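> Dumping the structure here so I can ask a few things about it.
Only the coordinates and a few stated rules stand behind these numbers; no lab work does. What you see is a predicted model, and the numbers here were worked out from it, not measured in a lab. All Cβ positions, even for glycine, are placed from backbone atoms using ideal geometry, and neighbour counts span all protein chains on display.
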Amino acid sequence: MALRGWFLVGFLLLTPGLLFAQQGTLTGTVRRDSGGVSLPGVEIIAQGTGRQTTTDKAGQFVLSGLPFGPVTILVRSVGFRPVERGVILLRGDTARLDVTLSGESVQNLPPVTTRATPEPPRGMGTRESFEERRKLGFGKFIDSTVLRRNEHRRMVDLIRGIPGIQFVYVPVLDCTTARWKCPRELYARGTRAGRISGDCFATIIEDGMMIYRSDASRGNPPDWNREFYINEYEAVEVYRSAAELPVEFGGTSGQCGVIVLWTRRGR
C-alpha cells in the first residue's frame with residue numbers, strides 16, 4: 001500500500017514536466033522591410049490557442065506553451081500589413097520564425113476639405129430679417145436705396161438726422177495725459193438714455209458681430225469721423241433706447257442706443 005502511494009505522488013510530480021515536454025516554443029525576430037530595422041511592440045498571436053506575446057525592444061519574441069502540430073502565427077502591428085505564417089511544432093520542440101513586415105498596404109487617405117458659410121452668433125440678428133424688423137415699427141432703418149443716393153456723404157451725417165441719436169466729441173478714453181490735452185473723437189450716443197452720461201456710448205454691431213459695447217469694451221468707441229463709410233454698407237438699423245431693441249439684439253446693452261450696420265460684402 002505504501003509503495004502504491006509513493007508511485008502516485010511521483011506520477012503527479014512528473015506529470016507537469018511530461019505535459020510541458022509535449023508543448024512547443026516559438027522564437028524569432030520581426031523587422032521592417034526598409035533596412036531590416038527591428039520592430040518592438042509587434043503582436044505575435046498563435047491563432048486558436050489563446051497564446052500570444054509582443055516583441056521586445058530588439059524586435060525579438062518568445063512564445064511558449066504551444067501545442068505540438070501545425071499552428072498558424074499572426075504577426076501584426078499598426079501601420080504594417082499583417083502577416084500569417086504556418087509552423088509545425090514537434091513535441092518539446094523549439095522552432096524559429098523570423099518575419100519582415102511591409103508598410104505598403106498602409107492607406108494614405110486624400111485630404112478632406114470642408115467649406116462653410118460664416119453665420120453670425122445666435123441672438124445677434126441676420127441681414128435677411130432686416131425687413132421683418134422694419135415692419136415691426138421699432139427703431140429707424142436705412143436701406144440700400146437711401147445709402148446709394150448718399151454715397152457722397154459721411155455715415156455720421158446720415159445718422160445724425162435721426163432724432164434720438166447724438167454725436168459728441170469726447171477725449172479718447174485711454175489717453176494718459178491731462179484730459180484737456182487728449183485728442184477728441186466723435187462718438188455716438190442715444191439721447192433717450194435719461195440721466196446716463198459720461199462713458200455711455202452706442203453699441204455698434206456689424207454683420208451680426210458686436211464690435212463695441214460700453215459695458216463690455218475697455219477700449220475707445222469707434223470714431224465716426226474715421227470709420228463707417230457709406231459705400232461699404234447695404235443697410236443700417238438704429239435703436240435709440242432699450243425699449244426699441246428687438247429680441248435678436250436683446251443680449252446687448254441698449255440704454256445708450258444701438259447701431260446695427262450690414263456691409264455689402266458680408267462678414
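> Could you give the length gained on full extension between Asp157 and Thr191, defined as 0.36 nm per residue of separation minus the Cα-Cα distance, in nm?
Length gained between Asp157 and Thr191: 10.6 nm.
> With the crude spin-label approximation of a point 7 Å out along Cα→Cβ, what separation in nm comes out for Glu232 versus Val146?
That separation, rounded to one decimal, is 2.0 nm.
> OK, next. Could you check the simple spin-label distance between Ile211 and Arg76, using points 7 Å along Cα→Cβ, in nm with one decimal?
The modelled label-to-label distance comes out at 5.8 nm.
> Can you tell me the FRET efficiency between Asp56 and Thr113 if r is taken as the Cβ-Cβ distance and R0 is 35 Å, rounded to the nearest 0.05?
That pair, Asp56 with Thr113, gives E of 0.25.
> Also: Which distance in nm do the two modelled labels at Cys175 and Arg264 give, with both placed 7 Å along the Cα-to-Cβ direction?
According to this spin-label approximation, the distance is 3.5 nm.
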